[in-house]
Each structure stands twice: as structure tokens, then as C-alpha cells.
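The values are calculated or read from the model by the stated rules, or taken from the named source; none is laboratory data. Because the structure is a prediction, the values reported are computed rather than measured. Cβ: placed from backbone, ideal geometry, glycine included. Neighbour counts: every protein chain shown.
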Amino acid sequence: MKYPKKTEQSNFITANNGIVAKSLSVGVILFAFTAFYLIKLATQAGEYGPSGDYTTLENLARAGIALSLVSAIGLNIVQNSIYWFWWLRKTPVDERQKAVRQSVFEEAYTTVITGIIIAAFFLQLNSHDERLIAGWIAGILVFFMPPILAAWHKES
Amino acid sequence: MIYNRVSVFRAEKNMSRQQLADQAGVNYQTIGFIERGDYTPSLELAFTLARVFNVSVTDLFSDQPFKPLIERTPTS
């Protein structure tokens with residue numbers, strides 16, 4: 001009996017739920033929190049050091065947010081735009097993917113709300129730029145938490 | 001737990017997962033999940049898969065483990 005070629009049977013010929021999606025999901029979180037750390041450093045530098053340090057660190061923080069956003073959009077595209085940007089989808093979403101999407105949205109909602117409540121208690125935002133960067137991070141996480149969680153979901 | 005013989009019929013028909021997925025109207029990864037028993041399809045998809053293989057749903061899916069074909073007695 002002639003079996004189909006192994007490559008035709010493989011579940012891993014696309015990046016969906018593979019190493020690319022996982023790397024991008026880590027990138028989104030890593031760049032976002034690095035940006036927040038940098039803007040905190042920038043505030044300290046602005047208070048105690050020369051203003052040039054502040055500008056450099058602030059620009060690096062903005063670059064971190066931009067990279068986080070690019071990673072998040074890339075992650076969504078790698079996942080066949082199941083979560084956002086539906087007009088970029090190459091194939092329609094089937095019943096299993098819809099079921100996964102449903103559970104991932106529920107998990108993402110709980111995670112983000114919990115994270116925001118904890119952050120509201122413990123985060124100190126001392127300057128306008130810190131609030132701006134924190135707002136961007138919150139926006140990215142609210143919007144892109146479903147694809148981030150889906151990258152690690154064993155059924156996606 | 002629902003058992004299935006999708007991979008057996010697919011190999012018999014010499015189809016790839018992608019080809020089966022195209023005919024059933026699902027993502028090819030969904031076929032892999034069904035074959036491994038990680039996902040139980042809806043009735044609609046079960047009937048569609050059975051139609052693709054030209055067999056009955058009970059030939060394809062069961063709530064009991066399938067016996068190897070060699071152990072089965074002829075029905076007629």
C-alpha cells in the first residue's frame with residue numbers, strides 16, 4: 001500500500017503553533033516589558049542625570065513598543081489571522097479552530113483583567129511618558145492576548 | 001471517548017491530510033487532531049468525512065475501540 005508522503009501528513013509544515021508563533025508571542029511580552037523598564041530608567045535619568053540620557057532611553061522604550069506591536073501583528077498573521085485581521089485569512093476557520101478561539105478568548109479575558117487589576121494596585125506611574133508607555137502595553141496585551149495564549153495552546 | 005479509523009481509510013484511499021481536509025472543508029491540522037483522537041468532530045463533520053470515504057459513520061467512528069480488521073468476521 002502506498003502511503004502519502006510524510007511531508008503531506010505533517011502537522012508542522014506551517015508555523016501555526018510552531019516555534020515561530022511561540023517566539024513571536026515571547027517577543028511581544030519581552031519587548032513590551034523591556035519598554036516599560038526603559039521608560040522607568042528614563043524617568044530616573046531625567047530626575048538625576050543629564051537630559052540626553054532621558055531622550056535615548058525614551059527613544060529605546062518607544063522602539064520596544066514598536067517591536068512589540070510588530071511581533072504581535074506578525075504572530076496574528078502566522079496564525080492565519082484566526083483572531084484579528086480576518087480579511088488576511090487564507091482559509092476559512094473550521095469548527096475546531098472556532099472552539100479553540102472561544103476558549104482562548106475566555107482565558108485571555110481572565111488573564112488581562114487580572115493583570116490590569118494587579119497592575120492598578122502595585123504599579124506607580126510617575127510621569128506622562130510612563131503612563132503613555134503603560135497605556136500602549138495595556139492596549140497591546142488587551143488586543144493581542146488571545147493570539148499570545150493560542151501560540152501555547154496545545155489544541156491550536 | 002470516541003475512537004475513529006480516519007487514518008486507516010485515508011491511507012486506504014491514498015490521500016494526504018490536505019486532500020482530505022479540502023474535501024471535508026476543514027483545516028488539514030483538524031484532520032490530524034481527529035486521527036490522533038485529540039478532537040471529536042461534530043456530527044456534521046463526521047457525516048462529511050464518512051461521505052468522503054463512502055462509508056457509514058459507524059464504520060468511521062465508534063465509542064468502543066475498533067478491532068483489527070483481521071479479527072472481524074464477515075457479516076454476509
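Descriptive notes on the structure:
- The listed residues are B:2, B:70, B:34, and the only one of them that is out of contact with any Lys or Arg (no Cβ under 6 Å at 6 or more places or on another chain) and modelled with pLDDT of 90 or more turns out to be B:34.
- Among residues of the stretch A:111-131 being surrounded by 15 or more Cβ atoms within 10 Å (Cβ to Cβ) and in contact (Cβ under 8 Å) with a residue 40 or more places away in the chain, the one that is farthest from the other protein chains (Cβ to nearest Cβ) is A:127.
- In the stretch B:32-50, residue farthest from the other protein chains (Cβ to nearest Cβ) [restricted to those that are touching a residue at least 24 places away in the same chain (Cβ under 8 Å) and out of contact with any strand residue (DSSP E or B) (no Cβ under 8 Å at 6 or more places or on another chain)]: B:49
- For the stretch A:86-109, filtered to residues that are surrounded by fewer than 13 Cβ atoms within 10 Å (Cβ to Cβ) and of a type in the set (Phe, Trp, Tyr), the residue that is farthest from residue A:156 (Cα to Cα) is A:87.
Residues are listed down the side, and each one gets a yes or a no for (1) more than 18 Å from residue A:145 (Cβ to Cβ); (2) surrounded by fewer than 16 Cβ atoms within 10 Å (Cβ to Cβ):
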site	(1), (2)
A:29	no, no
A:35	no, no
A:38	yes, no
A:42	yes, no
A:56	yes, yes
A:61	yes, no
A:65	no, no
A:68	no, no
A:79	no, no
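- Residue list for the stretch B:1-31, filter: at the interface with chain A (Cβ under 7 Å from one of its Cβ atoms), within 13 Å of residue A:97 (Cβ to Cβ) and either in a helix (DSSP H, G or I) or aromatic (Phe, Trp, Tyr) (or both): B:29, B:30
- For the stretch A:76-102, a tally of residues being polar (S, T, N, Q) and in contact (Cβ under 8 Å) with a residue 12 or more places away in the chain returns 4.
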